[in-house]
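Structure first, then comments.
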Amino acid sequence: MRTRERIVEGVEAGLTSRQGLIAQGRGEAFDYLLGEQTLPSAETAERVAAAQLLVADRPVISVNGNVAALAPEAVVELAEAVDAAIEVNLFHRSPDRVERIATHLRENGAERVLGPDADTRLPGLDHDRALVDADGIAAADTVLVPLEDGDRAAALAELGKREIVIDLNPLSRSAQAAAIPVVDNLVRALPAMTAHARELRDRDDETLHQIVERFDREAALREAERAIREGAL
Ligand code: PTJ
C-alpha cells in the first residue's frame, strides 16, 4: 500500500493526527527531491544508528501517530533486533489515541508498549507533549525518535540522551538536534536499521562504539542538503 493511503487510513482509524497529514505531505516533497532513494550518507547513518542502539543500556523507540500508521511491523522488528523498549509518545496527545496506537502495535507483534501510563514530565516543554514514561524515555540513554517535533527533540538532547532522529528534512530542528540524524524515509530507514543490527549483533562493544564515534553528523546533514538542493533525480 502506498504510504499516503496508510496515513489516510491511520487518520480514519484514530491512530494518526490530522496534523500528521501535513507532515506526510512535507515528507513526500523531500522524498521526491531525493529520488525516493536512500542516500549513501543515510545508509551510513542507519548502520551507525543500529550500532548505537546495540551498545545502549536502555534504548527506547518512540512511536507517534504517523509511525504507527506507516510502519508498525518495522518498529516491532527493530525493537526485537536491538532489544529496545517501545513507547507511544505523542505531540497532540489524547489518552484515546495513545491507547489505540498501543493496541495497534500489540496487534503487530509488540509484547509490551509503554506510554499509556506516562506520568513523568520532560523539563522545558509545555502541555501533554512533555509526558513520558518513567521506565521508558525518562530513563533511556538512547532514544530513536522518528518524525519528532523540534522542541521535543531539543528537550531530549538537552537531557543528555543520545538521540537518533529519522527525518526527511535535513534542516528540521529535530535533525539538527540529533546526535545521529537519519535523512531518509521512515519506511526505508527502519528495515535498513534492523538489517544492520542483525549484521552487527555479535560485534563487541568497543567495535560498536568505534562505529558510532567515527560518524560525522555534520557531513551527513551537508550531503543530504546538497542532494536535495541539487536534485538527485
Ligand atoms: O502523532 P503526533 O501527535 O505525535 O504528531 C506527529 C506529527 C508528525 C504530526 C508531529 O510530530 C509534527 O507535527 O511533526 P512535524 O513538525 O510536521 O515534522 C514532521 C517531519 O517529518 C517533517 O520534517 C517531515 O519532512 C518529516 N517526515 C514526514 N514523513 C516522513 C518524514 N520523515 C521521514 N519519513 C517519513 N515518512
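The values are calculated or read from the model by the stated rules, or taken from the named source; none is laboratory data. Nothing here was measured: the structure is a model prediction, and the numbers come from that model. Don't worry about glycine lacking a Cβ; one is built from the backbone with ideal geometry, like all the others, and counts go over all protein chains shown. Heads up: the accessible areas ignore ligands, DNA and RNA and are worked out on the full protein's heavy atoms, side chains in. Shrake-Rupley method; radii C 1.70, N 1.55, O 1.52, S 1.80 Å.
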- line: Percent antiparallel among DSSP beta bridges confined to the chain, rounded to 5, stands at 10 percent
- line: Between the alpha carbon centres of the stretch 1-27 and the stretch 175-198 the gap in Å comes to 20 Å
query: Stretch Thr103-Arg121 to full length: gain in nm at 0.36 nm per residue minus the Cα-Cα span?
result: 4.2 nm
- prompt: Averaged over all directions, how much area does the convex hull of the C-alpha atoms of the stretch 1-93 cover when projected, in nm²?
  reply: 6.6 nm²
statement: For the stretch 1-61, dividing by residue count, accessible area per residue (probe 1.4 Å) in Å² works out to 51 Å²
message: Tell me the carbon and sulfur percent of the accessible area for the chain, rounded to whole percent, probe radius 1.4 Å.
response: 46 percent
- line: Computed for the stretch 194-233: size of charge dipole around the Cα centre, +1 on C-beta of each Lys and Arg, -1 on C-beta of each Asp and Glu, debye to nearest 20, value 220 debye
- prompt: Once you have the alpha carbon radius of gyration of the stretch 54-205, what is it after dividing by 2.2 N^0.38 Å, with N set to its residue count?
  reply: 0.95
- request: Just check the stretch 67-157 against the gyration tensor rule for me: Cα atoms, a ≥ b ≥ c as the square roots of the eigenvalues, rounded for a/c under 1.5, and otherwise prolate or oblate depending on whether a/b exceeds b/c.
  value: prolate
task: Would you tally the net charge around Glu225, using a Cβ to Cβ cut-off of less than 15 Å, leaving Glu225 out, and scoring K and R as +1, D and E as -1?
output: -2
message: Over the stretch 76-159, with the other protein chains present, what is the accessible area per residue in square angstrom, probe 1.4 angstrom?
response: 44 Å²
